[in-house]
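Please read the structure below before turning to the comments.
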Amino acid sequence: MISRKELLFQIVLHVIILLFFSFDRNEGATINVDKVLFRLFYSVATVSITYYLMPKYLYKRKYWQFFLGFAVVVTCVICIEELILEPIFFAGTPRGDQFPGIYISLLTVLPTMIMLSGCKFGWDALQKQDEIDELQSTIQESELQFLRSQINPHFLFNNLNNLYSYALQNSPKTPEIILEMSGVLRYMLYESKEQFVSLNKEIEQLDNFIRLYKLQIETRGHVNFETSGIEPGYKIAPLILIVFIENAFKHSQSGQSSNIEIDISVKMTGSVLEFHCTNNFEVVPSLDTIAKGIGLQNVQKRLQLLYPHKHHLEISEKNKSYIVYLRLELEKA
């Protein structure tokens, strides 16, 4: 069904085409009524092309059927014009009594029909592109929601195991760990549903997250977290940086029981955020490398979707240390 917007477009287009081809400079720059009537006939005939042949054949890639139908419509227009309309409007004149030939007739009929059909094709192409853009946006948002939904189970699985071991030991820090864990989960479940969140709020949650893991390390090592240049008003995709920090703690604790060293820094220069995370580790044959983690694959995909051409991620392994560097170009909230 034709929309009001398209109906208005077609009306304006037809009026412009009619005026353009009906204007006669040789007769005192006036509008020729005969030309208006004939162009109006061409316009009506073109409707069968734009609203029947094009959707039924051209858009379904049935090109031969479309061009055959187009040729039939043009032939019918020329026959009706030469055999019926011109003898009525130009009776007793050479134009009404003679057939000027196929070439002249095509030069008269085709310009109007091709211009109207071309404009309709352009309109449909723009509408189709809008539909594609909307579909891609919907798919992207669904994919992002799916990726974010994976973070919560990933976080839970990693922390419930630690919590279980503390509970078995009747550690006095178990209630504190549960409290910190509930705060981080609350942020993940309720406050990070938006595509972007305040950078300051995300930094605050990073600090809470690091405190949670510090409780698990206790006196087995040292964790350093520094921020500099963080300015209010910027936004960032939620839970992007947490994945790298979680991996740092996970891999540091998996292979060693002491001398854990984790260094994390977040720095801003203008609108550019630079994130560094370095952690030491002991080689364990059964331990997957950071490059194989589900969480890392998740965050890499999210970076590609949310920051195309606006991020740079480097992950390296050197002297029994994992080094993560992420550069993001942030936007104002």
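With a 10 Å Cβ neighbour count serving as the proxy for reagent exposure, in which order, fewest first, do 251, 276 appear? Display every interim value, and only then the final one.
Numbers: 251 22, 276 15.
Taking fewest neighbouring Cβ atoms as first place, the list is 276, 251.
Working from label points 7 Å from Cα in the Cα-to-Cβ sense, the residue 123 to residue 211 distance is 6.2 nm. Across segment 4-132 the C-alpha pair distances fall into 10 Å bins from zero in the proportions 11, 38, 33, 14, 4, 0 percent.
As a ratio to 2.2 N^0.38 Å, the alpha-carbon radius of gyration for segment 171-332 is 1.03. The simple spin-label model puts a point 7 Å past each Cα toward its Cβ; for residue 85 and residue 165 those points are separated by 8.8 nm. Max-minus-min Cα coordinates of segment 52-94 on each principal axis give 47, 14, 9 Å, with the largest extent listed first. Once the Cα-Cα distance is subtracted from the 0.36 nm per residue extended length, the residue 195 to residue 231 segment shows a gain of 11.0 nm.
For segment 171-332, a crude dipole built from +1 on the beta carbon of Lys and Arg and -1 on the beta carbon of Asp and Glu, taken about the Cα centre, is about 300 debye to the nearest 20.
Note on residue 259 and residue 271: the model spin-label points, each 7 Å out from Cα along the C-beta direction, lie 4.5 nm apart.
Using R₀ = 25 Å, calculate the FRET efficiency as 1/(1 + (r/R₀)^6) where r is the Cβ-Cβ separation of residue 56 and residue 106; round to 0.05.
On the way: r = 24 Å, r/R0 = 0.96.
Computed FRET efficiency for residue 56 and residue 106 comes out at 0.55.
Partner lysines whose Cα lies under 20 Å from the Cα of residue 173, excluding those fewer than 8 positions away in the same chain, are identified as 214, 250. Taking the centroid of alpha carbons for each part, segment 105-131 and segment 194-218 are 57 Å apart. With a cut-off of 8 Å between alpha carbons and a minimum separation of six or more residues, what is the relative contact order of segment 294-333 in percent? The value is 31 percent. Partners of residue 60 within straight-line reach, counting lysines whose Cα lies under 26 Å from its Cα and excluding those fewer than 8 residues away in the same chain: 5, 120, 128.
Just so you know, all these numbers are worked out from the coordinates, no wet-lab data involved. Computed from a predicted model, the values in this text were never measured in an experiment. For neighbour counting, all protein chains shown are included, and Cβ atoms are generated from backbone atoms with ideal geometry for every residue, glycine included.
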